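Below: the structure, in structure tokens.
The values are calculated or read from the model by the stated rules, or taken from the named source; none is laboratory data. For clarity, every value in this text was computed on a predicted model and none was experimentally measured. When we count neighbours, we look across all protein chains shown, and the Cβ atoms used for this are built from the backbone with ideal geometry, even at glycine. In case anyone asks, the SASA skips ligands and DNA or RNA and just uses the protein heavy atoms, side chains included. Shrake-Rupley method; radii C 1.70, N 1.55, O 1.52, S 1.80 Å.
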Amino acid sequence: MRARNPALRATYTWIGRRAEEEAPPRPLDKGDADIGHADIDVNEGQHIAVWLEGDGLPSDRVVNLHTDHEASEKTSNGQDGNTRFHHSFLVTFQRTRQAALPPGGGEAPPPTPVATGIDDAAYVRDADPVEDGAVLQPGARFTKRWVLRNTGETTWGEGYRLVHTAGERLGAPAAAPVPVTPPGAEATLAVEFVTHASSTELRSDWRLANPAGVQFGPPVWTIVYAPADTGDLAATFPPPAAQRIDAERIIDFSAKAAALFWNRYGGLILDECARLRIDPADAVGVLVTESAGQPFGAEGRMLIRFENHLFWRFWGEANPTIFNQHFAFDPQVTWQGHRWSPDGVTWLSCHVDNAQEWQVFELARRLDEHAAIQSISMGAAQIMGFNHASIGYPTPQTMFAAFEHDAGAQLRALFRFMEVNNLVDAVRAKEYRRFALAYNGSGQPDFYAGKMREYAAAFAALRPAAMSATGVALDEQLASPPATPQPTSPTPGVPLAKADPQLYAAWRTHIENGFKNNEIMFGRVLEAFMNPYWTTVWMYRILFGVGVAAFVVAALIALLQNNVVTTLVFGGLSVAAFLGYFVSRPLQALEENLQFITWLGIIYNSYWTTLVQSQDPDAYIDEVKQATDDTIGRIKDLMYKHTERSGARPNVKE
């Protein structure tokens, strides 16, 4: 049976073909019951290979077709051959598709119809603001959109894909879906990418493919640049100079690891901890526990750990034969007993070093990239790939691409993980075991919690005094005096700002944090008074409204029904409401509340101004105690007067 299949094409290439030399497949379209044919030119010096594609079936391959024959060569029947370089070949392929017989014999069902129509497309335009040559930051996510017109005879839809063909994937999946698009219509095809630092262009090429896997239409691509100096790949985010730690003098291993990590990444940690109001010591404890404070291994690649038992869950359980040839783990204690075999014969222990972790990962990645990335923990925070969605990445591939070259992305992900998993309060309360259960799983929470506590305590004992106001929990900040006298200049007659700029900057930061804490405290007090204040305002409004409404009802009843009793009831209610409103003197009460809040603010500001002006180190403690006692006394007097005035106001009971 000769069935028409417009997707069938003759594909060819030749020995020594260069990348820029095109060899477009030749269609084998024909009428039903005819033999399809395609002409392929064989140029001088070419040795051609030809095969078929387009119907999803395997194809024989005819190779070494060439015209470089001597004139003296004879044909099989002894006749002279064609002139050198001027003869042709007839290559015949026969394709058959036999339907399976039904069980028990009988006639075969009719053959499955072959899809008809030619697939083709035309590029229309880019539909996004990311132009070719755009400069982005390393780790930046962007979506590229191309508009293509269906210029073929088939309707795109299920089974049609936009597939990656060349260049880097840049964190994208291997293929993207194609919407239903009839002939003549346009489709917008979108792929999300993640950049990484590179000194050269980042290019990714894509092309349409039909359900049989045959590519068609023009290629589309994106070309961007992400030089390292445009983002924070810069490997380190040091804290302010005044908050750095002299790690060289430290002997204890835990303390030294924490100090070295802090000196590299303390600036970023300070920003994130200030945002979440957590102690940086706890963040340092978590990060040093997970990766010894190293985003990248000694060989320069991102620090990873491949978990065999997770790869079993995500892929191996559906493919046990291949999995068991290359991976093993203890079925009782799944995070132990990890081994791997690169060739299915020799077995090696896992988790030796980062270079080997990458070898195991690359083996799994060749089997299933998506599952392999889900099965690794990555970077300084060692966040598992299966957590990609919770920290803001649509796929494990985009998370991997963002982390692979960017320490900043790795570190920030830890704090996002805390937020989305409601772990911020656990960190503030130093509940390390609760954190470890959510972060590391139920396998060894006590072990991880102990390491976090050890590193956090080591760092807390080392951190500079200048960091204390920013580094501890807010309630602890408010409990201690946030201001100290300005240190004495080491050079007599020279202001501290010039004699020791770093010390002056640390003192200035300390003072500024104290005023910020004062503002927070006053805001809380103000909120505590303003809430009942506004409640009182609304109560007075309701009381006044009731009086007006009762008066109106009484007047209407008197006019319409001439009901004396009902009129007197509502009229009395109106009078009582108005008396309650005016006798309680609402405006006076509100004015007194405002006066109280105003005087409270003045007392607070006076207290802090006194602390800042205390510059004598010898008398500072006494001056602070005196200022505190005076402030407490003034607040008590203020509260007494406020209570006395409130009690002196007449009310309904009087």
Picked from the range 340-394 (must be buried (at least 16 other Cβ atoms within 10 Å of the Cβ) and charged (D, E, K, R)), the residue nearest to Thr321 (Cα to Cα) is Asp368
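Could you tell me which residue of the range 376-427 is farthest from the chain's Cα centre (by Cα), considering only residues that are outside any helix (DSSP H, G or I) and polar (S, T, N, Q)?
Pass one, the range 376-427, residues outside any helix (DSSP H, G or I): 376-384, 388, 392-395, 405-406, 421-423.
With the extra rule that they be polar (S, T, N, Q), the set shrinks to 377, 382, 395, 421-422.
Numbers: Ser377: 14, Gln382: 14, Thr395: 10, Asn421: 14, Asn422: 17 Å.
Only one residue tops the list, namely Asn422.
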Which pairs turn up if I take residues in the range 14-43 that are in a loop (DSSP other than H, G, I, E, B) and look for partners that are open to solvent by 100 Å² or more (accessible area, probe 1.4 Å) and at pLDDT below 65 with beta carbon separation below 6 Å, at least 6 apart in sequence or on another chain?
Ala33/Arg2
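Give Pro179, Pro173 a once-over and let me know the one that is without any contact (Cβ under 8 Å) to a residue 24 or more places away in the chain and either under 21 Å from Pro295 (Cβ atoms) or open to solvent by less than 60 Å² (accessible area, probe 1.4 Å) (or both).
Details: Pro173 fails: without any contact (Cβ under 8 Å) to a residue 24 or more places away in the chain.
The match here is Pro179.
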Which numbered condition trips up Ile251, out of (1) open to solvent by 10 Å² or more (accessible area, probe 1.4 Å); (2) at pLDDT 85 or above?
(2)
The lone condition Gly167 fails out of (1) within 24 Å of Ala371 (Cβ to Cβ); (2) in contact (Cβ under 8 Å) with a residue 60 or more places away in the chain; (3) open to solvent by less than 60 Å² (accessible area, probe 1.4 Å) is (2)
Evaluate the range 154-164: report whether one residue or more is open to solvent by less than 20 Å² (accessible area, probe 1.4 Å) and modelled with pLDDT under 90.
no
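Here are Thr96, Thr116: which of them is of a type in the set (S, T, N, Q), modelled with pLDDT under 70 and within 21 Å of Val178 (Cα to Cα)? Even if it seems obvious, please write down each step before you answer.
On the way: Thr96 fails: within 21 Å of Val178 (Cα to Cα).
After applying the criteria, what remains is Thr116.
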Could you run through the range 310-334 and say how many residues are within 30 Å of Gly300 (Cβ to Cβ), part of a loop (DSSP other than H, G, I, E, B) and touching a residue at least 24 places away in the same chain (Cβ under 8 Å)?
1
Out of Arg412, Arg416, I need the residue that is touching a residue at least 60 places away in the same chain (Cβ under 8 Å), within 20 Å of Tyr265 (Cα to Cα) and open to solvent by 10 Å² or more (accessible area, probe 1.4 Å). Which one?
Arg412
For the range 153-164, how many residues are touching a residue at least 40 places away in the same chain (Cβ under 8 Å) and assigned to a loop (DSSP other than H, G, I, E, B)?
5
May I ask you to verify whether Phe459 is open to solvent by less than 10 Å² (accessible area, probe 1.4 Å), part of a helix (DSSP H, G or I) and modelled with pLDDT of 85 or more?
no
Which numbered condition in (1) closer than 22 Å to Gly266 by Cβ; (2) basic (Lys, Arg); (3) assigned to a helix (DSSP H, G or I) is the only one that Lys430 fails?
(3)
Long-range neighbours under 6 Å by Cβ, at least six apart or interchain, first residue farther than 24 Å from Phe400 by Cα and open to solvent by less than 10 Å² (accessible area, probe 1.4 Å) within the range 139-152, second of a type in the set (A, V, I, L, M, F, W, C) and outside any strand (DSSP E or B):
Val147/Ala127; Asn150/Ala185
Please give the number of the condition Asp205 fails out of (1) touching an Asp or Glu at 6+ places or on another chain (Cβ under 7 Å); (2) not in a loop (DSSP other than H, G, I, E, B).
(1)
Filter the range 335-375 down to the residues that are part of a loop (DSSP other than H, G, I, E, B), among the polar types (S, T, N, Q), in contact with a helix residue (DSSP H, G or I) (Cβ under 6 Å, 6 or more places away or on another chain) and closer than 18 Å to Ile304 by Cα and list them by number.
Ser375
